[in-house]
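For reference, the structure discussed in these notes is given below.
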Amino acid sequence: MRRALLPLLAIPVLAGAWLYAQNAKPPGPLRSAMVKPGLHMISGEGGNVAILATDEGVVLVDDMFDRNHADILAQVKSVTDKPLRYVVNTHQHDDHAGGDFKMLPIAEVIAHKNARANLEHIRQPYYEDTPGTPIGLPRVTFTDEMSVFLGGKETRAKYFGRGHTSGDAVIYFPDLKTIHTGDLFLGTRGSGLEARGAGPAATPARTRPPGVNIYVDYAQGGSFLDWTKTLDGVLALDFDTVIPGHGPVSTKADVAKFRSDLETMRTRLAKMIKSGSSKADLLKTLEDDYGWRSTGCPLTPPTPGCLQFQQIDALIAELKK
């Protein structure tokens, strides 16, 4: 009986690998730039990646898509000849942690416990960017805070609460007064939604009310209500430089403005919902004033450019509270 089951058990694995091979996309070009001495940022196709180079090895924050793996390693080698030792995930979305599967044989992968749980139980029909992409589960997790000490330098991972997902970690380099926020904060010249297909960035065609083009991933524990409180925790850190989830290197003042604009937008939307505005009116406001796409979006499955719209019912339910 067991021998008969083995071929059957292998079918889903082989099917997943075949599906991935059929749908695999070519990697996009990457570039790296120094943020501060010993700290570089890789940008390009997925979320921003941080390289902390020390005399004893490298700490990497995030690793983009699975398809970017070889190019990420090449960027690291362009900075230092020291070995990659640790990869710290800001969260589990595959434009940030999609390379974990290939990183596990060569480095220790660390994430918040909720990010690992979200990877174990993907609550969407397929792993997000490319069907069949192999999922790498971090071997080390933390609850509130943990630190990696390498070459006399500290990399501190901290959890302040829900926002983009339920497992958003902020990575703090205290000696450099620099943080990597993941998608809890997005730089102003490039939206994380635009990069990972959740929606187009707001265009400057006309004056828009204060707001941010964010994606609350309710399917993986995100919270619009908790997001500002989470950013309050981030802003309590002593830092002056920010590597955002997407977009250019920013400042603490940029994070403070992002937090304020998020709260202003959320307050307006909650007022609309509680006053009885229809779902159609809410969607029109989101699309016209904040650049969130809804026109032409299917209800399912998760679709590039439509992820915000496809979780709008959860957003309405949360803001009714």
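Out of the DSSP beta bridges found with both residues in the chain, what percent are antiparallel (nearest 5)?
Values: 29 of 43 bridges.
Percentage antiparallel, nearest 5: 65.
Quickly rank 305-312, 145-152, 67-74 as a protection proxy: mean count of other C-beta atoms within 10 Å, highest first.
Working: 305-312: 21.1, 145-152: 14.1, 67-74: 18.6.
Ranked from most to least packed, the peptides come out as 305-312, 67-74, 145-152.
Please list, in order, the residues from region 205-249 whose amide nitrogen is less than 18 Å from a point placed 7 Å along the Cα→Cβ vector of E154.
234-241
Per residue, how much accessible area does region 273-318 have with a 1.4 Å probe, in Å²?
Working: 2140 Å² over 46 residues.
Here the residues of region 273-318 average 47 Å² of exposed surface.
Can you list the HN-Hα couplings for region 263-268, worked out from phi with the Karplus curve (6.51, -1.76, 1.60; θ = phi - 60°), rounded to whole Hz and with x for Gly and Pro?
With the stated coefficients, region 263-268 comes to 5, 4, 5, 4, 4, 5 Hz.
What distance in nm separates the two pseudo spin-label positions at K284 and I106, each 7 Å out from Cα along the beta-carbon direction?
In this crude spin-label approximation the distance works out to 5.3 nm.
Pick from L184, L104, L60 the residue whose mean-square fluctuation is largest in a GNM of the chain, springs joining Cα atoms under 10 Å.
Checking each option, the largest mean-square fluctuation is seen for L104.
More than 23 angstrom separation, counting every C-alpha pair in the chain; what % is that? Walk me through the numbers before you get to the answer.
Numbers: 28805 of 51360 pairs.
Value for the chain (Cα pairs over 23 Å): 56 percent.
Report D for region 269-321 in µm² per second (integer): Stokes-Einstein, Kirkwood Rh on Cα pairs, 20 °C, 1.002 mPa s.
Working: Rh = 11.4 Å.
Calculated translational D: 189 µm²/s.
Collect residues whose amide H, placed 1.01 Å from N in the peptide plane, falls under 5 Å from the amide H of V88; neighbours closer than 5 in sequence don't count.
For V88, the qualifying residues are L60, V61, D62, I110.
So what J values fall out for region 277-282 if you push phi through Karplus, 6.51 cos²θ - 1.76 cosθ + 1.60 with θ = phi - 60°, rounded to Hz, Gly and Pro as x?
4, 6, 4, 4, 5, 5
For E56 and D313 in one chain, what is 0.36 nm times their gap in residues minus the Cα-Cα distance, to one decimal in nm?
Values: separation 257, 0.36 × 257 = 92.52 nm, distance 4.87 nm.
Gain on extension, E56 to D313, equals 87.7 nm.
With respect to the cross-link table entries K36/K158; K82/K257; K177/K271; K25/K321; K229/K279, which display a Cα-Cα separation exceeding 30 Å?
Working: K36/K158 21 Å; K82/K257 38 Å; K177/K271 38 Å; K25/K321 41 Å; K229/K279 26 Å.
Listed pairs above 30 Å: K82/K257; K177/K271; K25/K321.
Would you work out if region 67-173 is rounded, prolate or oblate? Take a ≥ b ≥ c from the square roots of the eigenvalues of the alpha-carbon gyration tensor; rounded if a/c is under 1.5, else prolate when a/b is larger than b/c, oblate otherwise. Mind dumping the intermediate values first?
On the way: a/c = 2.11, a/b = 1.15, b/c = 1.84.
Oblate is the answer for region 67-173, as a/c is 1.5 or above yet b/c matches or exceeds a/b.
The values are calculated or read from the model by the stated rules, or taken from the named source; none is laboratory data. All of these numbers come straight from a predicted model, not from anything done at the bench. All Cβ positions, glycine included, derive from the backbone under ideal geometry; neighbour counts span all protein chains shown. We work out accessible area using only protein heavy atoms, side chains counted, and drop any ligands, DNA or RNA first. Shrake-Rupley method; radii C 1.70, N 1.55, O 1.52, S 1.80 Å.
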